[in-house]
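**Q** I have a structure here, written as structure tokens, and I will follow up with some questions on it.
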Amino acid sequence: MTKSTLNQSQAQEPETITFAKVGTPMAIVDGVSFSGGDVWTNYGGNQTVQTERLFYPRTLEDLKVIVREARNNNKKVRCAGSGHSWSATAVTPDYMVSVNGLNKIHNPVLAQDGSGWTVTLETGVLVSELDAFLRNHNPPLALPSNVVPDVVRVGGILTMGCHGAGLNSRTLSDTITEMTIVNALGELVTYSAAKDPEAFNVACLNLGLLGIIYTATIKVEVMNIRLRVTDSFPTLTSLFQGPQAGLNLKARILKNDSTEFLYWPFQYFMQPDQNKNIWVKEWERTTEPAEDLKKYEDLPPMVDNPFFSTLQTGSRVMEIPDALHFPIGDGVTTVVDAGAAIKVDPDFKNACEAIMELVEKNWEFTTSMPERMGTAIEFRFIKASDKILSPAYDKDPEAIFCMINVMAASATPGFEEYSVGIVSNWIRKYNAKPHWPKMWEKVDGVVPYLRHEYGDRITRFNRVRKTQDPTDMFINDTWRPLFQENEL
Ligand SMILES: Cc1cc2nc3c(=O)[nH]c(=O)nc-3n(C[C@H](O)[C@H](O)[C@H](O)COP(=O)(O)OP(=O)(O)OC[C@H]3O[C@@H](n4cnc5c(N)ncnc54)[C@H](O)[C@@H]3O)c2cc1C
């Protein structure tokens, strides 16, 4: 991929706050630091907003002060973690809350009823911090599946129903056992299945619409197994074409703990030949010991593409977090992404069709301008989530979803129109549901479509939401058309 020019906005706006940088506090209200008038931009560089106040809370009391200030001044509130979402879900010109200072992790607990280990943590904790904490625990613990990057924060990935590649791990929202949230009235509310199953379901994937999430308790498992990661680079046609392709793919997915596919359009970087192969990562659980990964560090690149040059074919046994957060990228380029959940037919034919069609559409887009060469395709398969706002929601827990993404280097010209067309096509053909943190808001007709598809689940969500946020304090432009009651 080319070096992206996404940080143009930063060049023009010297006071821009990026997802990674903590701004200089300029004022304090009741012990809570905030800066005024900062420009916040997300990781992908496609969302920028000048905020009236950007708060830096560190305690529960701080969260209550922020809500009180917002109530008194009639302001909207949205939180931001690492800013890795591409939709405008975190954005408001009123009060933004950087949750990064909420970073306590409590001692994990082994339930007496045999349901295993859980850990309670504040929502600004980085995935990398959680991994390290759990790994150092006695016994070592881990999340069995997770998002690829470890620089995102727990609040962000739980709020948005994020997922890894683990087929049976479903989404991260499905690992939650309890959540505490400061609502628009300034009250700390605890959500659990035992207390109120409906409200708990809503809280587990709440899009930041119930208030500021203070803590989450999630299931973790004893790290007494490792993952064998096998990377291969077969041809597209061998995987996705022919009468048996769908069933073969299904068998492969069901055999593995996790499977992920990565595709880039050029066989050789900046050369005209189309890539006929696709990268496959397969994870299997094993009791074999983890290998010393240092021996792989200096291997010459196998992939002639700077963004994917860390990939190596072969099979190796790794500790769970090392296997899940595999390094990718060139350290410079950021990407933008549109993605959706497609419910897979029992014979997986629709998945094969969608993949092959996307490869061709992506090729047309990529080769239509030299500046468009930095594109990629990625997909994984997970079983259904029972969280009512999950794009992978299904009543059948065995239903399988293809979580598919099309991406490009930030600032790739025309990517927004192209990705909107791709998502529209998935909606038309497969009833796909956009993944909330990805780019979906510009898809033509997406709001009526989502209202129709989520239907009663939006009504149920709103019923809980309205008890916690009667004045729509946490609703921004992304969510207003879908959830604000007077528009339903
Ligand atoms: C390079 C890259 C790779 C990615 N890989 C994956 C992947 O493998 N799987 C996947 O599912 N997604 C993936 N994503 C998407 C990413 O996981 C989500 O965008 C996630 O929400 C990012 O977390 P964050 O900390 O950056 O949250 P942000 O983007 O900052 O926030 C996300 C949302 O959470 C809300 N929020 C955060 N904390 C709180 C809180 N305490 N209270 C209330 N609301 C809160 C925010 O208001 C916002 O609406 C990837 C993104 C990038 C850029």
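The values are calculated or read from the model by the stated rules, or taken from the named source; none is laboratory data. Please read these numbers as outputs of a predicted model, since none were measured by experiment. Here Cβ is always computed from backbone atoms with ideal geometry, including for glycine, and neighbour counts include all displayed protein chains. Areas reflect the complete protein model, heavy atoms only, side chains present, ligands, DNA and RNA absent. Shrake-Rupley method; radii C 1.70, N 1.55, O 1.52, S 1.80 Å.
**Q** Tally the residues that are in contact with a helix residue (DSSP H, G or I) (Cβ under 6 Å, 6 or more places away or on another chain) and either closer than 26 Å to residue 324 by Cα or surrounded by fewer than 22 Cβ atoms within 10 Å (Cβ to Cβ) (or both), restricting the search to the range 165-198.
**A** Number satisfying all stated conditions: 8.
**Q** Please state which one of 148, 189 is within 15 Å of the ligand (Cβ to nearest atom), modelled with pLDDT of 95 or more and either closer than 24 Å to residue 381 by Cα or in a loop (DSSP other than H, G, I, E, B) (or both).
**A** On the way: 189 fails: either closer than 24 Å to residue 381 by Cα or in a loop (DSSP other than H, G, I, E, B) (or both).
Matching residue, one of 148, 189: 148.
**Q** So, residue 249, is that one out of contact with any strand residue (DSSP E or B) (no Cβ under 7 Å at 6 or more places or on another chain), part of a loop (DSSP other than H, G, I, E, B), open to solvent by less than 10 Å² (accessible area, probe 1.4 Å) and in contact (Cβ under 8 Å) with a residue 60 or more places away in the chain or not?
**A** For residue 249, the condition - out of contact with any strand residue (DSSP E or B) (no Cβ under 7 Å at 6 or more places or on another chain), part of a loop (DSSP other than H, G, I, E, B), open to solvent by less than 10 Å² (accessible area, probe 1.4 Å) and in contact (Cβ under 8 Å) with a residue 60 or more places away in the chain - is not met.
**Q** Also: Within the range 129-136, identify whether any single residue is over 24 Å from residue 290 (Cα atoms) and away from the ligand (no atom under 13 Å from the Cβ), and answer yes or no.
**A** No - not one qualifying residue is present in the range 129-136.
**Q** Next question, about the same structure. Filter the range 293-322 down to the residues that are in a loop (DSSP other than H, G, I, E, B) and buried (at least 18 other Cβ atoms within 10 Å of the Cβ) and list them by number.
**A** Hits for the range 293-322 are 303, 305, 311, 319.
**Q** A follow-up question, please. In the range 315-350, how many are more than 16 Å from the ligand (Cβ to nearest atom) and farther than 21 Å from residue 164 by Cα?
**A** Here the count works out to 4.
**Q** Now, a different point. Based on this model, can you work out whether residue 158 counts as near the ligand (Cβ under 10 Å from one of its atoms), under 30 Å from residue 72 (Cα atoms), open to solvent by less than 10 Å² (accessible area, probe 1.4 Å) and in contact (Cβ under 8 Å) with a residue 24 or more places away in the chain?
**A** Here the answer is yes, as residue 158 does meet what is asked.
Quick grid of which residues meet (1) assigned by TED's automatic domain parsing to the domain that holds residue 395; (2) acidic (Asp, Glu):
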position	(1), (2)
194	no, no
199	no, no
208	no, no
231	yes, yes
238	yes, no
253	yes, no
259	yes, no
264	yes, no
268	yes, no
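**Q** Going through 116, 36 one at a time, which residue ends up being in contact with an Asp or Glu (Cβ under 7 Å, 6 or more places away or on another chain) and modelled with pLDDT under 95?
**A** The conditions single out 36.
**Q** Within the range 364-399, can you find the residues that are under 20 Å from the mean Cα position of the chain (by Cα) and among the acidic types (Asp, Glu)?
**A** Of everything in the range 364-399, those that are under 20 Å from the mean Cα position of the chain (by Cα) and among the acidic types (Asp, Glu) turn out to be 378, 386, 394.
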